[in-house]
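The values are calculated or read from the model by the stated rules, or taken from the named source; none is laboratory data. Bear in mind that the values here come from a model prediction, so they are computed numbers and not experimental data. Glycine also receives a Cβ, built like all others from the backbone with ideal geometry; neighbour counts cover every protein chain displayed.
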């Protein structure tokens, strides 16, 4: 099946640091990927849609200058949390549509971000 | 916007028991997805439903796409300890590939 790899799995850093998270589709091309954020004991909330070769589209309330998304190739999307603060601490998860596009989405293993 | 109401919020059962959880919406969905999430990991797809009335099984799991297209249920038969986790229903928002998720059902299985 479609496999999505996310790296790193865990990041701990100081306030003010920028952090980059990678999301890769293994053995298939993903023109569209998605980035979610999940706070403890809550559901997944979509942050943005990452489109290969074009600008990402952000959900309402998500700061595009805070969460930079780059989708420069058909197998890689990156999320950079700029000038991270403790309130940015969360579980970030990416997903990709199935090979050829369409549902279901396949998810990476998530990145636990902790800002001190 | 479209919302998914998932119930129950949590379940505590004995090993061997059957489990049922469901998801409802006031809006029509064309696809229903069921995922399981273990602590510290991403959701893993269990079952995907694409057609109203569809009943699909995956091992001990069975899910159905409601005939009104506004609900879906997931059943787990003969539960085992590794069934522990959070189960989410999800569906694409009308006209897009973006998913909206239910709030999850946390399952605890006592051995």
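Criterion applied to A:84, A:30 was being more than 23 Å from residue B:4 (Cβ to Cβ), out of contact with any helix residue (DSSP H, G or I) (no Cβ under 6 Å at 6 or more places or on another chain), buried (at least 18 other Cβ atoms within 10 Å of the Cβ) and at pLDDT below 95, and the one residue passing it is A:30. Within the range A:103-116, the set of residues being within 7 Å of chain B (Cβ to nearest Cβ) and more than 15 Å from the chain's Cα centre (by Cα) comprises A:103, A:104. Cβ separations smaller than 6 Å between residues 6+ apart or across chains give the following pairs from the range B:39-58 residues that are over 18 Å from residue A:107 (Cβ atoms) to residues that are part of a loop (DSSP other than H, G, I, E, B): B:50/B:31; B:52/B:67; B:52/B:69; B:53/B:67. The residue list A:97, A:79 contains one member that is surrounded by 13 or more Cβ atoms within 10 Å (Cβ to Cβ), modelled with pLDDT of 95 or more and either within 13 Å of the chain's Cα centre (by Cα) or closer than 18 Å to residue B:101 by Cβ (or both), which is A:79. One residue alone among A:113, A:46 is surrounded by 15 or more Cβ atoms within 10 Å (Cβ to Cβ), within 21 Å of residue B:41 (Cβ to Cβ) and free of Cβ contacts under 8 Å to residues at least 40 places away in the same chain, and that residue is A:46.
Check whether at least one residue in the range B:50-62 is surrounded by fewer than 20 Cβ atoms within 10 Å (Cβ to Cβ), within 14 Å of another protein chain (Cβ to nearest Cβ) and under 18 Å from residue A:45 (Cβ atoms), and report yes or no. Checked the range B:50-62: no residue is surrounded by fewer than 20 Cβ atoms within 10 Å (Cβ to Cβ), within 14 Å of another protein chain (Cβ to nearest Cβ) and under 18 Å from residue A:45 (Cβ atoms).
Within the range B:59-79, count every residue that is in contact (Cβ under 8 Å) with a residue 12 or more places away in the chain and out of contact with any strand residue (DSSP E or B) (no Cβ under 7 Å at 6 or more places or on another chain). Quick ask: steps written out before the conclusion?
Filtering the range B:59-79 down to residues in contact (Cβ under 8 Å) with a residue 12 or more places away in the chain leaves B:60-79.
Within this subset, residues satisfying the condition of being out of contact with any strand residue (DSSP E or B) (no Cβ under 7 Å at 6 or more places or on another chain) are B:67-69, B:77-78.
Of the residues in that region, 5 qualify.
Results for (1) away from chain B (no Cβ under 14 Å); (2) touching a helix residue (DSSP H, G or I) at 6+ places or on another chain (Cβ under 6 Å); (3) assigned to a loop (DSSP other than H, G, I, E, B), shown as yes or no for each residue.
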site: A:47; (1), (2), (3): no, no, no
site: A:53; (1), (2), (3): yes, no, yes
site: A:60; (1), (2), (3): no, no, yes
site: A:77; (1), (2), (3): yes, no, no
